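Have a look at the structure below, then the notes.
The values are calculated or read from the model by the stated rules, or taken from the named source; none is laboratory data. Computed from a predicted model, the values in this text were never measured in an experiment. Please note: Cβ atoms are built from the backbone with ideal geometry, for glycine as well, and neighbour counts cover all protein chains shown.
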């Protein structure tokens, strides 16, 4: 009898263990099924989110490129922000992301340096300077079998970032000298005397055929005395002078102008080429009467042909905007900045 009871007890224990094992196995299988479905859903919302931010980054990039290429194109920050978010919303919805799973107003504009990013630490910037778009999507996935064990839902979520490189490049170009000079006393007078200061960028020096003349031609290389050589040097600048002119150097003022000086100024002013109105000229001691004598360089001035008036006959008057004073032509350079945009890419 005792042997029979012992065998029955062992069978019961084995049955219990089998039952527990089956229960655990069912739980594991059910979670594997649920997790597999969740993983599948996560891949789906990841693909949808990637498409949404990739398209939104296109709107952001295209708008910034347009503004960079056309100075008259002004970006409205609020409109750009709305346009980018609307694009993300449209693409997300078309890829079966519901509004409840993705909020367009939570799209973030960030600055991206090309390196992997931490989605939990993304300082936002203005869309005017942003070069990446971030979004997060969340989905509630019903549990098929997990609910038997008290797990009703699973919550897959993803983030997606798409961006493009945006680099500002500054280029320098020399401001070439023109065979043209002004008497330095005129600059001193505009400053209010030897102790005064010129307001660079706003002070105007007027030159023209009024009397007494305060300007003259300077023969920078011995071959700019008159005619075509002078006109060409005025238009294109004397950029490769060797040796480089220096303060204290004496030059011949040359003779005549070949063509009309007013016509030379008119051609430069109406050329439509900014470089032909941006000059480096010499400030000299005094132009001699007649054709004899020399002028001595006292300063170099960076100027811009700001306005020109041509009247009847040979009457003309030009406004030179005084931009800066330089100790040497080598120091006279103009800086231009441009933004170079890279292609869009998903940030992994």
Discussion item. Quick test of your reading of the structure: residue 168 fulfils all but one of (1) at pLDDT 70 or above; (2) in contact with a helix residue (DSSP H, G or I) (Cβ under 8 Å, 6 or more places away or on another chain); (3) farther than 17 Å from residue 51 by Cα. Name the failing condition by number.
Written reply: (2)
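Does residue 82 qualify as being assigned by TED's automatic domain parsing to the domain that holds residue 160, free of Cβ contacts under 8 Å to residues at least 40 places away in the same chain and within 26 Å of residue 338 (Cβ to Cβ)? Break it down stepwise before answering.
Working: assigned by TED's automatic domain parsing to the domain that holds residue 160: yes; free of Cβ contacts under 8 Å to residues at least 40 places away in the same chain: yes; within 26 Å of residue 338 (Cβ to Cβ): no.
It is false that residue 82 is assigned by TED's automatic domain parsing to the domain that holds residue 160, free of Cβ contacts under 8 Å to residues at least 40 places away in the same chain and within 26 Å of residue 338 (Cβ to Cβ).
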Worksheet, complete the sentence: Only one of (1) surrounded by fewer than 12 Cβ atoms within 10 Å (Cβ to Cβ); (2) within 30 Å of residue 337 (Cβ to Cβ) does not apply to residue 133, and that is (1)
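For residue 320, are the conditions met, namely being crowded, with 16+ Cβ neighbours inside 10 Å and over 30 Å from residue 134 (Cβ atoms)?
Answer is yes for this residue.
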Practice prompt. May I ask you to say which residue of 89, 50, 70, 96 is more than 29 Å from residue 157 (Cβ to Cβ) and either at pLDDT below 95 or touching a helix residue (DSSP H, G or I) at 6+ places or on another chain (Cβ under 9 Å) (or both)?
Written response: 70
Worksheet, complete the sentence: Wholly inside the stretch 179-298, helices (runs of 4 or more DSSP H) that include 1 or more residues that are touching a helix residue (DSSP H, G or I) at 6+ places or on another chain (Cβ under 8 Å) and at pLDDT 90 or above are 261-269
Practice prompt. For the stretch 206-221, indicate whether the set of residues that are free of Cβ contacts under 8 Å to residues at least 40 places away in the same chain, out of contact with any strand residue (DSSP E or B) (no Cβ under 8 Å at 6 or more places or on another chain) and closer than 18 Å to residue 297 by Cβ is non-empty.
Written response: no
